[in-house]
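A.B. asks: Structure incoming, see below.
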Amino acid sequence: MYKRTILVTGLVLAFTGTAAAFDFDWQKALKVGGETLQKVQAANKTVDEAQEIELGQGIAANLLGTSPLLDNNRVQLYVNDVGRWLSLHTERPNLPWQFGVLESTDLNAFATPGGTIFVTKGLLMNLSNESELAGVLAHEMVHVLSKHHLAALQKSARMDLAGDLANEALKDRAGPILDKAVKAGTEVYARGLDKSDEFEADRKGIIIATRAGYDPYGLPAVLQMLDAANAQDSSLALMFKTHPAPRARLNLLDKIMADNFDNYRAPVQTDKRFLAALAQVK
Amino acid sequence: MKKCFLILMMLGLPLSASAVEQTAFTIRSTEIKKQPYSDAQTLATLPDKASVKIVLRKGGWVSISSAQGSGWVKMLNLRSNSTGEERGDNGLRSLFNMGRSGSSGITVATGVRGLSEEDLKTASPNPDELAKMKNFAVSQAQAEKFARVGKLNSQTLDYIPAQ
Ligand SMILES: [Zn+2]
């Protein structure tokens with residue numbers, strides 16, 4: 001939309017010499033185009049942290065509408081412990097970070113704006129240790145840190161929605177505009193983010209996990225598992241549709257990690273408690 | 001097999017009931033190490049595209065056997081041979097996936113799927129679950145205690161710039 005506005009403005013300028021031959025008011029068109037442009041630019045800057053959190057909570061409630069939480073307090077607390085510890089090694093440690101395991105048997109993980117992270121039971125059951133869990137959570141956390149979903153929403157939403165966001169309409173909690181933004185925001189999860197956002201989440205995610213004391217190869221190990229999995233399996237359908245191929249992600253991490261991460265090891269205590277925490281999950 | 005057993009015991013990993021043979025290939029010339037460390041003794045060197053059998057994975061290292069010998073190689077020097085497609089419908093078998101059970105292959109969880117593309121497009125909120133979720137959030141102090149118990153030590157390192 002942003003590009004189209006510029007294009008339309010450009011076209012109008014190109015015809016200024018023969019404006020009389022066209023039956024639309026180019027001056028008005030320029031003015032409207034300019035205002036819309038300003039609105040969109042403002043939207044990218046003025047969604048403040050409170051609005052970001054509010055929007056994210058709405059989307060989180062929707063995700064929970066498609067799958068409830070796994071009914072296992074111990075596992076929920078354990079994943080929150082790992083995630084919150086990771087969050088202390090990010091540039092936004094004071095967000096209201098919260099983590100949830102969804103009951104779904106699908107293999108997937110999600111992040112919503114403002115610091116709510118989900119991992120499915122299906123994915124959790126296929127992880128081998130705490131470092132792999134940390135790798136998955138850290139990847140999702142980068143989407144929050146870099147506001148990837150907010151950007152995707154603003155890019156895809158209709159102009160009026162982008163404008164509404166800019167108008168701080170989200171401060172009017174639970175209003176119709178927030179509902180609209182939440183609905184559009186939830187749909188982003190069916191489409192997925194830009195590939196470059198996913199690569200950024202991998203690239204930064206391994207660093208956050210390593211900073212927190214985990215094995216840097218937790219995330220690459222999960223990607224190896226996914227790379228070798230049956231791409232036709234329906235429990236992987238949404239994740240494979242919304243992410244670059246695991247092999248492409250492995251190749252990128254291979255390139256950037258090189259030999260620089262060989263000396264980090266996760267404590268054995270973390271492996272043991274991972275198995276203990278997940279012992280009851282079926 | 002006895003050696004495998006011993007290694008698993010030493011690592012404190014659960015024993016695998018089903019020892020599915022897993023294979024991979026090298027994507028570059030790769031040293032086989034005696035131990036899973038870069039400064040460990042080099043036993044042999046695998047050429048590019050060499051086929052290996054995976055015995056065990058430990059962090060960024062994989063224990064392999066091959067025509068050129070056995071030992072440890074770097075995980076990211078390997079790629080999966082099969083995409084799993086030939087394994088059929090039930091074939092969520094996966095290379096590298098040692099999983100919690102220690103058996104290879106994706107574990108199929110029991111329960112409800114949810115979270116399809118269609119589900120997401122027609123989602124309606126579940127505020128009760130969101131409220132429940134907040135109860136599990138932990139404080140910074142609790143997270144720091146969790147790290148201490150797990151002997152996790154913070155490391156200082158910068159993000160790697162995009163290339
Ligand atoms: Zn992602």
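A.B. asks: With region A:108-156 as the region, which helices (runs of 4 or more DSSP H) entirely inside it contain at least 1 residues that are of a type in the set (D, E, K, R) and either within 12 Å of the ligand (Cβ to nearest atom) or more than 9 Å from chain B (Cβ to nearest Cβ) (or both)?
C.D. replies: Passing ranges, in order: A:130-145, A:148-156.
A.B. asks: Among the residues of region A:167-183, is any within 14 Å of the ligand (Cβ to nearest atom) and modelled with pLDDT under 90?
C.D. replies: no
A.B. asks: Which of the residues that make up region B:117-127 are at the interface with chain A (Cβ under 7 Å from one of its Cβ atoms), surrounded by fewer than 16 Cβ atoms within 10 Å (Cβ to Cβ) and part of a loop (DSSP other than H, G, I, E, B)?
C.D. replies: The one that is at the interface with chain A (Cβ under 7 Å from one of its Cβ atoms), surrounded by fewer than 16 Cβ atoms within 10 Å (Cβ to Cβ) and part of a loop (DSSP other than H, G, I, E, B): B:Ser124.
A.B. asks: Please enumerate the residues belonging to region A:63-77 that are surrounded by fewer than 24 Cβ atoms within 10 Å (Cβ to Cβ) and facing another protein chain (nearest Cβ under 9 Å).
C.D. replies: A:Gly65, A:Pro68, A:Leu69, A:Leu70, A:Asn73, A:Gln76, A:Leu77
A.B. asks: Look at A:Thr105 and say whether it is within 15 Å of the ligand (Cβ to nearest atom) and not aliphatic (A, V, I, L, M).
C.D. replies: Considered against the rule, which asks whether it is within 15 Å of the ligand (Cβ to nearest atom) and not aliphatic (A, V, I, L, M), A:Thr105 comes out as no.
A.B. asks: Need the failing condition index for A:Arg273 against (1) outside any helix (DSSP H, G or I); (2) surrounded by fewer than 22 Cβ atoms within 10 Å (Cβ to Cβ), just the number.
C.D. replies: It is condition (1) that A:Arg273 fails.
A.B. asks: Is it the case, given these coordinates, that A:Ala258 is within 16 Å of the ligand (Cβ to nearest atom), hydrophobic (A, V, I, L, M, F, W, C) and at pLDDT below 95?
C.D. replies: So A:Ala258 does not fit the description; no.
A.B. asks: Sticking with this structure for a sec: Of all residues being assigned to a helix (DSSP H, G or I), at the interface with another protein chain (Cβ under 7 Å from one of its Cβ atoms) and not polar (S, T, N, Q) in region A:222-240, which is nearest to B:Val62 (Cα to Cα)? Just the residue, please.
C.D. replies: A:Met225
A.B. asks: If you take the residues of region A:246-270 that are more than 8 Å from chain B (Cβ to nearest Cβ) and touching a residue at least 12 places away in the same chain (Cβ under 8 Å), which of them is surrounded by the fewest Cβ atoms within 10 Å (Cβ to Cβ)?
C.D. replies: A:Leu252
The values are calculated or read from the model by the stated rules, or taken from the named source; none is laboratory data. Note that the coordinates shown come from a computational prediction; the quantities given were computed from them, not determined experimentally. All Cβ positions, even for glycine, are placed from backbone atoms using ideal geometry, and neighbour counts span all protein chains on display.
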